[in-house]
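Student: Before I ask anything, here is the structure I am working with.
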Amino acid sequence: SISTIGSAMKTPLRFLLTTLLCCVNFNFATAATEELRIVALGDSLTAGYGLPQQAAFPARLEEALRQDNYAVKVFNAGVSGDTSQGGLSRLDWALADQPDLVIIELGANDAMRGLQPRQTRQNLDNILSQLRQKNVQALLTGMKAPRNLGKQYYHQFDRIYADLAFKHQVPFYPFFLEGVAGVPGLNQPDGIHPTLAGVNVIVQRIRPLVEEILSEIAQKKANSSSTD
């Protein structure tokens, strides 16, 4: 009100502090509502094999996040049949979208082809190292090897993800297909690739972690803006 403004003007220090606080709040709001960019780097589980593009994981995740008032754009960097080596070779291309966050979903095809777990580990390690060097936040999602490959193989393979998440100190979602794998109604006839309903379950389960990461990114941007 006019009287409030007049009172503030009579106390210059109070008026100055109020103005500074308003600027800080404005900068935080600007950073928090700035569109954040996510790249989903993966294989057919990310690409949306057998589904329309708008039903693929990246599109459904973007829609869910926007419904929760997150200003985001999620880019689909999934390639059907890709291995961890393929994902590594495409990393620079994926980073051309200048993401704030990269969700890594790779390794299923490595296991299905019986590739040596040490190769998968090395490839994912390289991806995480490059993201850290480029100061890009990563979210590592885990995968499990088929049990018919034997206990020794799947024990070596399954532990890759938790080990690397700990090594690189990145957020970790233990199993990308949690709640979906082995559920007939949530998978296509091949028993491997999720249906739209299956994708929705994946999104619902991983969304809280993604939102937590996005909030931290927005906070860092806000802090950076307030110190400029």
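The values are calculated or read from the model by the stated rules, or taken from the named source; none is laboratory data. Since we're looking at a predicted model, the values are computed, not measured. A quick note on method: Cβ atoms are made from the backbone with ideal geometry, for glycine too, and the neighbour counts reach across all protein chains shown. Areas reflect the complete protein model, heavy atoms only, side chains present, ligands, DNA and RNA absent. Shrake-Rupley method; radii C 1.70, N 1.55, O 1.52, S 1.80 Å.
Student: Which one of these does Leu139 not meet: (1) within 21 Å of the chain's Cα centre (by Cα); (2) under 22 Å from Ala47 (Cα atoms); (3) in a helix (DSSP H, G or I)?
Tutor: The single condition Leu139 does not satisfy is (3).
To keep it simple, each residue is scored yes or no on (1) within 15 Å of Pro99 (Cα to Cα); (2) in contact (Cβ under 8 Å) with a residue 60 or more places away in the chain; (3) not aliphatic (A, V, I, L, M).
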site: Val39; (1), (2), (3): yes, yes, no
site: Leu45; (1), (2), (3): no, yes, no
site: Gln54; (1), (2), (3): no, no, yes
site: Phe57; (1), (2), (3): no, yes, yes
site: Leu65; (1), (2), (3): no, yes, no
site: Lys73; (1), (2), (3): yes, no, yes
site: Ala77; (1), (2), (3): yes, no, no
site: Ser80; (1), (2), (3): no, no, yes
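Student: Where in the stretch 65-116 are there helices (runs of 4 or more DSSP H), lying fully within it, with 1 or more residues that are among the charged types (D, E, K, R)?
Tutor: Where helices (runs of 4 or more DSSP H) fall fully within the stretch 65-116 and carry at least 1 residues being among the charged types (D, E, K, R), they are 91-94, 108-112.
Student: Assigned to a helix (DSSP H, G or I), touching a residue at least 60 places away in the same chain (Cβ under 8 Å) and either in contact with a strand residue (DSSP E or B) (Cβ under 9 Å, 6 or more places away or on another chain) or closer than 19 Å to Val210 by Cβ (or both): is that true of Leu164 in this structure?
Tutor: No.
Student: Determine which member of the set Gly150, Gly114, Gly179, Gly185 is over 18 Å from Ala47 (Cα atoms), without any contact (Cβ under 8 Å) to a residue 12 or more places away in the chain and more than 16 Å from the chain's Cα centre (by Cα).
Tutor: Gly150
Student: Can you confirm whether the stretch 148-166 contains a residue that is surrounded by 14 or more Cβ atoms within 10 Å (Cβ to Cβ), of a type in the set (Lys, Arg) and modelled with pLDDT of 95 or more?
Tutor: No, the stretch 148-166 has no match at all.
Student: Part of a helix (DSSP H, G or I), in contact (Cβ under 8 Å) with a residue 60 or more places away in the chain and in contact with a strand residue (DSSP E or B) (Cβ under 7 Å, 6 or more places away or on another chain), is that true of Ile127?
Tutor: For Ile127, the condition - part of a helix (DSSP H, G or I), in contact (Cβ under 8 Å) with a residue 60 or more places away in the chain and in contact with a strand residue (DSSP E or B) (Cβ under 7 Å, 6 or more places away or on another chain) - is met.
Student: Kindly indicate whether Gln137 is surrounded by fewer than 21 Cβ atoms within 10 Å (Cβ to Cβ) and free of Cβ contacts under 8 Å to residues at least 12 places away in the same chain.
Tutor: no
Student: So, in the stretch 171-193, how many residues would count as being under 24 Å from Gln137 (Cβ atoms) and open to solvent by 30 Å² or more (accessible area, probe 1.4 Å)?
Tutor: Within the stretch 171-193, residues that are under 24 Å from Gln137 (Cβ atoms) and open to solvent by 30 Å² or more (accessible area, probe 1.4 Å) number 4.
Residue by residue, here is whether (1) surrounded by fewer than 22 Cβ atoms within 10 Å (Cβ to Cβ); (2) farther than 21 Å from Leu61 by Cβ holds:
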{"residue": "Gly86", "(1), (2)": "yes, yes"}
{"residue": "Ser89", "(1), (2)": "yes, yes"}
{"residue": "Asp92", "(1), (2)": "yes, yes"}
{"residue": "Ala96", "(1), (2)": "yes, no"}
{"residue": "Pro99", "(1), (2)": "no, no"}
{"residue": "Gly107", "(1), (2)": "no, no"}
{"residue": "Met112", "(1), (2)": "yes, yes"}
{"residue": "Gln116", "(1), (2)": "yes, yes"}
{"residue": "Arg121", "(1), (2)": "yes, yes"}
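Student: Let me ask you something else. Scanning for something within 18 Å of Asn200 (Cα to Cα), at pLDDT 95 or above and either of a type in the set (S, T, N, Q) or open to solvent by 20 Å² or more (accessible area, probe 1.4 Å) (or both), does the stretch 28-37 turn up at least one residue?
Tutor: no
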